Amino acid sequence: MHEMSLAESILQIVEDAARTENCTRVKAVRLEIGQLANVEQEALRFCFDVVVRGSIASDARLEIIDIPGQGWCLQCSRSVPLAALYEPCPVCGGHQIRVTQGEQMRVRELEIE
Amino acid sequence: MCTTCGCGSGETLIGGRALRREARQGVHLHYRQPGAGQALGHQHAHAPGISESRMVSIERDILAKNNGYARENREYFSARGIFALNLVSSPGSGKTTLLVKTIQALNGSLPLAVIEGDQQTDSDAVRIRATGAPALQINTGKGCHLDAHMVGQAMQQLHLQDDSLLLIENVGNLVCPAGFDLGEAHKVVILSATEGEDKPLKYPDMFRAADLMLLNKCDLLPYLSFDPDLAVTNARRINPSIRAIRISATSGAGMDEWLAWIVSGCHGAAAARRQHAVVPATAVARG
């Protein structure tokens, strides 16, 4: 359940931004989560709902933008889609793939008032 | 423990003493009780019914705070020539036995210290101290992984020597510790022969994060159906560059290669420190 730590980190980022922006309410929190990131989205949503209670983001919507996984196949010398870390290259079937996208976990933006 | 979600912030103990909260932000990160009020923000009056909604761009990594602490730890290690390893595995893979045997085999040839991570009890630190090596136990309470802030505090209490080895035994868990950089030089994942060869595929994040895989309990191979070559093949499907060493902490097989890898890492860290010694080392100041 490291999603609880992640939710706490998200809240801290939100609170820092809310302080900087002098806002009174956070209406939405928009995240970018890569398909290959080490996080379970449903668990993160559950933990987010728990940690924001009583905070400036207590009724904020959590929106998650999925970022597709992508890798560079060293054998094919080309970029390939990657739905999971253990997947082979869809072209050559090899596993010599360097992940190039889809591991990020970022707070992209907030809707505040 | 928090009764709403079961999380355990506030229960972390380092050497039996409570973890100091982070001074950097001055913000308590734990969840607030419903109705505790909004502590933050500068509340200003709005005309009733009128509110102005706007978007603000943040673009911040969720793990940025942990990564900041990890960076400080890494700078601390690098300034002192400390070779730090983060040992990760499922519970029961033999991490603590491996550490005990490693310390005994090094036989005082390197200054070293151990940070032990477990949810509860200090029995692992006690086992390490019995070898004569300094060890500090972090109890994460309900937490499922060590983070860089806990390790930063623990290593300050340990008074690490220059050009030493720091072995950090993470909480037994093949999932959560993968995402939390502690500032180590390498994550070392331990997979024991009593587990399945498909563990690297089932828990890919950890095998991707590690640079070295130790296949432990290889003395039991004659009695098991475990195929070590398949385990390595599976690990390399996730991480083509992962190095693998077959060992048995109990029989001592393969220990020489593991020890040589450690010694070479320690020499590298010490040499890098001497090379950078012209620049004065800056101490890590933490609250």
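Regarding the stretch B:120-134, can at least one residue be identified that is modelled with pLDDT of 95 or more and within 30 Å of B:Q275 (Cβ to Cβ)? Yes, there is a match, as at least one residue in the stretch B:120-134 is modelled with pLDDT of 95 or more and within 30 Å of B:Q275 (Cβ to Cβ). Looking at the structure I just gave you, is B:Q120 closer than 28 Å to B:G68 by Cα and touching a residue at least 40 places away in the same chain (Cβ under 8 Å)? In short, no.
Against the numbered list (1) farther than 25 Å from B:G141 by Cα; (2) crowded, with 21+ Cβ neighbours inside 10 Å, A:L11 comes up short only at (1). Against the test of being part of a loop (DSSP other than H, G, I, E, B) and within 14 Å of chain A (Cβ to nearest Cβ), the options B:E52, B:E59 yield a single qualifying residue, B:E52.
Within the stretch B:96-144, the residues that satisfy the criterion of being open to solvent by 60 Å² or more (accessible area, probe 1.4 Å) and within 14 Å of chain A (Cβ to nearest Cβ) are B:Q119, B:K142. May I ask you to list the residues in the stretch A:22-44 that are surrounded by fewer than 17 Cβ atoms within 10 Å (Cβ to Cβ) and in contact (Cβ under 8 Å) with a residue 60 or more places away in the chain? Listed by number, the list holds a single entry, A:A28. The set of residues in the stretch B:145-159 being part of a loop (DSSP other than H, G, I, E, B) and surrounded by 20 or more Cβ atoms within 10 Å (Cβ to Cβ) consists of B:H145, B:L146, B:D147. Would a scan of the stretch B:82-91 turn up a residue that is more than 21 Å from B:N216 (Cβ to Cβ), crowded, with 22+ Cβ neighbours inside 10 Å and modelled with pLDDT of 95 or more? Within the stretch B:82-91, one or more residues are more than 21 Å from B:N216 (Cβ to Cβ), crowded, with 22+ Cβ neighbours inside 10 Å and modelled with pLDDT of 95 or more.
Matching residues to (1) modelled with pLDDT of 95 or more; (2) within 23 Å of B:L166 (Cα to Cα); (3) β-branched (V, I, T):
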| residue | (1), (2), (3) |
| --- | --- |
| B:H42 | no, no, no |
| B:H46 | no, no, no |
| B:V56 | no, no, yes |
| B:A64 | no, no, no |
| B:Y69 | yes, yes, no |
| B:N73 | yes, yes, no |
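Reported count of residues in the stretch A:73-108, each being of a type in the set (V, I, T), open to solvent by 40 Å² or more (accessible area, probe 1.4 Å) and not in a loop (DSSP other than H, G, I, E, B), is 1.
Of all residues in the stretch A:45-72, exactly one satisfies the criterion of being within 11 Å of another protein chain (Cβ to nearest Cβ), closer than 24 Å to A:G102 by Cα, out of contact with any strand residue (DSSP E or B) (no Cβ under 6 Å at 6 or more places or on another chain) and buried (at least 18 other Cβ atoms within 10 Å of the Cβ), namely A:C47.
Against the conditions (1) open to solvent by less than 20 Å² (accessible area, probe 1.4 Å); (2) closer than 24 Å to B:A113 by Cβ, B:N234 satisfies every one except (2). In the condition set (1) of a type in the set (D, E, K, R); (2) at pLDDT 95 or above; (3) closer than 24 Å to B:S57 by Cα, A:R78 is compliant with all but (3). For the stretch A:15-36, a tally of residues being of a type in the set (A, V, I, L, M, F, W, C) and more than 8 Å from every other protein chain (Cβ to nearest Cβ) returns 5.
The values are calculated or read from the model by the stated rules, or taken from the named source; none is laboratory data. Because the structure is a prediction, the values reported are computed rather than measured. Using ideal geometry, Cβ is built from the backbone for each residue, glycine included, and neighbour counts are taken over all protein chains shown. Surface areas here come from the heavy atoms of the whole protein model, side chains and all, with no ligands, DNA or RNA. Shrake-Rupley method; radii C 1.70, N 1.55, O 1.52, S 1.80 Å.
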